Amino acid sequence: MNRGIIVLYFFLAIYSCKSQIIPLTEYYGEDDNGAYYKDVDNDLDKFVGTWKWEDGNNSLTVTFIKEENMQSTIGNSSYDILAGEYRYEENGQILANYLIRLNDSSITDPDSHYISGNTILFNNHKPPCDTCEQGERRLYLNFNDPTLPYLPLACVLRHKTINAIEQIEMDLFLSGSYIQPTGLPDDSTVPMGRYTLLKK
């Protein structure tokens, strides 16, 4: 009888470890034995939707969705993640348009989208934010240019509401060093820099 109770407690302990919920703010890319890194503060939600930046004949449209409790491909934990695609137009010419990929049911791994991630940044995290409010949170995402896969691009998103208009401040930049293949460009299709995108 006592042995049966001990075995029962053992299995309950294992189950509780595997279903442990850890706030997404404490996720740094490592696997924690079956934990679920959950967006308990809904930091990702404010970025969900379609956003657009326009400057004359140039425009950048980005659409984000939130994927919840997605199984990690490198371990047995799961996590919430923001996934997105983009469309870029320059001088009236469409140079990139991947928005339709958000409806592609064959893409089952959110990290396979051209924008994805879930790293929450606080004020003390790089890149610095001198105009951020105390305790304000930003979001770091990977940004992929499929025509230039050797470029390690990333972006940081900051959500703001100004005069009752929701907007995202997006900084697009190189996130590391790379080796440029001979004869291929080193400028991303979407130029690096800061974009202010309005909610659509």
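No value in this document is a laboratory result; all are computed from the given coordinates. Model, not experiment: these values are computed from the prediction. When we count neighbours, we look across all protein chains shown, and the Cβ atoms used for this are built from the backbone with ideal geometry, even at glycine.
Key figures
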| quantity | calculated |
| --- | --- |
| Loop-exposed chymotrypsin sites (Phe, Trp or Tyr not before Pro) per DSSP, neighbour cap 15 Cβ within 10 angstrom, longest uninterrupted part of the chain | 29-121 |
| Cα gyration tensor, the range 66-106 - rounded (a/c under 1.5), prolate or oblate | prolate |
| Gyration tensor verdict on the range 91-135 (Cα atoms; rounded if a/c is under 1.5, prolate if a/b is larger than b/c, oblate otherwise) | oblate |
| Proximal lysines to Lys200, defined as alpha-carbon separation beneath 20 angstrom and excluding residues fewer than eight positions away on the same chain | Lys46, Lys52, Lys66, Lys160 |
| Solvent-free Debye scattering, log10 I(q)/I(0), computed from the Cα coordinates of the range 21-199 at q = 0.10, 0.14 Å⁻¹ | -0.40, -0.80 |
| Length gained when the stretch Glu68-Thr182 is fully extended (0.36 nm per residue, less Cα-Cα span) | 37.0 nm |
| Exposed-site-free run, longest, the chain (rule: GluC sites (Glu not before Pro); DSSP loop; at most 15 other C-beta within 10 Å) | 31-132 |
| Charge dipole magnitude, Cβ of K and R +1, D and E -1 - the range 21-199, Cα centre, debye nearest 20 | 300 |
| Sum of side-chain charges, Ile120 neighbourhood, beta-carbon under 14 Å (Lys, Arg +1; Asp, Glu -1) | 0 |
| Alpha-carbon centroid distance for the pair the range 133-164 / the range 169-200, whole angstrom | 11 |
| Cα gyration tensor category, rounded, prolate or oblate, for the range 95-165 with a/c compared to 1.5 | prolate |
| Net length gained if the chain between Asn57 and Asp109 were fully extended (0.36 nm per residue, minus Cα distance) | 15.3 nm |
| GNM flexibility winner over the chain from Leu148, Leu44, Leu82 (Cα, springs under 10 Å) | Leu148 |
| Farthest toward positive dipole pole in the range 21-199 [+1 Lys/Arg, -1 Asp/Glu at C-beta], among Ser72, Leu99, Asn144 | Leu99 |
| For Tyr36, residues with placed amide H under 5 Å, excluding near neighbours | Gln20, Ile21, Ile22, Ser78 |
